[in-house]
Amino acid sequence: MAKNGSNAFGLRLILFVGIVLVATVIGYFIIRPSDKLPIYHPAQLDQRLVDPSLKGAKGEHRINDFHLTDQFGGNFTLNDVGHRIIVADFFFTTCATICPKMTTQMERVQEAYKDDPRLLLLSHSVTPEMDSVPVLAAYAELHNADPDRWRFLTGDRKQIYALARKSYFAAMDEGDGGPDDFVHTENFVLVDPQRRIRGFYDGTNATDVERLIGDIGKLLEEKVEPE
């Protein structure tokens, strides 16, 4: 009898341990943090980044199309981006403060994905009247920009400033893109193939750019099909 009781106790103990293990595994998969990047919309952002015209906007936010000129003098639009992931920033070639740091960090991003055609870096000049095509071409060459991976864009000032504020939410200050307006921001913005914003990063901070490099990898693994 004692032996039978001992066997029964052992079976109950094994069953109990098994249940605990199964519950622990299930609980882990339920509560573990998701690796999927968030999708940002105006209501979720620091409202200082959101243009007044977009506050309270409903539905998914997507980057607006644009018609700009790249460092080769060619027209460049979202159609030219195709189905690629975008990392966007706003800079100017004569900047002596944050822009050199940002460009150095963007070089790191380019190097990390130099063999992956699914990523495109877009650097928009906020002084397009000074950053002509030859100026951008020289700047791109100075910073080892691969033309298949990194485009420098100039063109209509109001359009560029609207992109910074109303598409990418890259700048906190308000303005109309006029002669007295100026955007100066360290933000790098990550955009998926469906033109949705998936992350913001300090382009002057090497640690934050390392996070961006990792998040690009996560986004590539999502295999999100563009619409």
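The values are calculated or read from the model by the stated rules, or taken from the named source; none is laboratory data. The structure displayed is predicted, hence computed values, not measured ones. Cβ coordinates were reconstructed from backbone atoms using ideal geometry, including for glycine residues, and neighbour counts include every protein chain displayed.
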What number goes with the only condition from (1) in the same structural domain as Arg151 (by TED's automatic domain parsing); (2) surrounded by 11 or more Cβ atoms within 10 Å (Cβ to Cβ) that Leu37 does not pass? (1)
Listed by first then second residue, the pairs whose first member lies in segment 154-180 and is closer than 23 Å to Arg196 by Cα and without any contact (Cβ under 8 Å) to a residue 12 or more places away in the chain, whose partner is surrounded by 16 or more Cβ atoms within 10 Å (Cβ to Cβ) and among the basic types (Lys, Arg), with beta carbons under 9 Å and at least 6 positions apart or on separate chains, are Asp173/Arg165
For Asp156, work out the one condition from (1) out of contact with any Gly (no Cβ under 8 Å at 6 or more places or on another chain); (2) under 26 Å from Asp116 (Cβ atoms) it doesn't fulfil. (2)
Return the total of residues in segment 181-204 being in a strand (DSSP E or B) and charged (D, E, K, R). 2
Subset tally (residues that are under 20 Å from Asp156 (Cβ atoms), over 13 Å from the mean Cα position of the chain (by Cα) and surrounded by 14 or more Cβ atoms within 10 Å (Cβ to Cβ)) for segment 168-181: 4
Of all residues being in contact with a helix residue (DSSP H, G or I) (Cβ under 7 Å, 6 or more places away or on another chain) and either of a type in the set (A, V, I, L, M, F, W, C) or touching a residue at least 60 places away in the same chain (Cβ under 8 Å) (or both) in segment 54-67, which is farthest from Leu122 (Cα to Cα)? Just the residue, please. Ala57
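Can you name the residue in segment 50-63 that is under 15 Å from the mean Cα position of the chain (by Cα) and not basic (Lys, Arg) and is also nearest to Leu153 (Cα to Cα) among such residues?
Filtering segment 50-63 for residues under 15 Å from the mean Cα position of the chain (by Cα) gives 61-63.
Checking the rest, the ones that are also not basic (Lys, Arg) come to 61, 63.
Working: His61: 22, Ile63: 16 Å.
So the residue we want is Ile63.
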Given the conditions (1) of a type in the set (A, V, I, L, M); (2) touching a Leu at 6+ places or on another chain (Cβ under 9 Å); (3) over 18 Å from Glu210 (Cα atoms), which single one is not true for Leu142? (2)
With the requirement that a residue be touching a helix residue (DSSP H, G or I) at 6+ places or on another chain (Cβ under 9 Å) and crowded, with 20+ Cβ neighbours inside 10 Å, what does segment 70-85 give you? Asp70, Gln71, Ile85
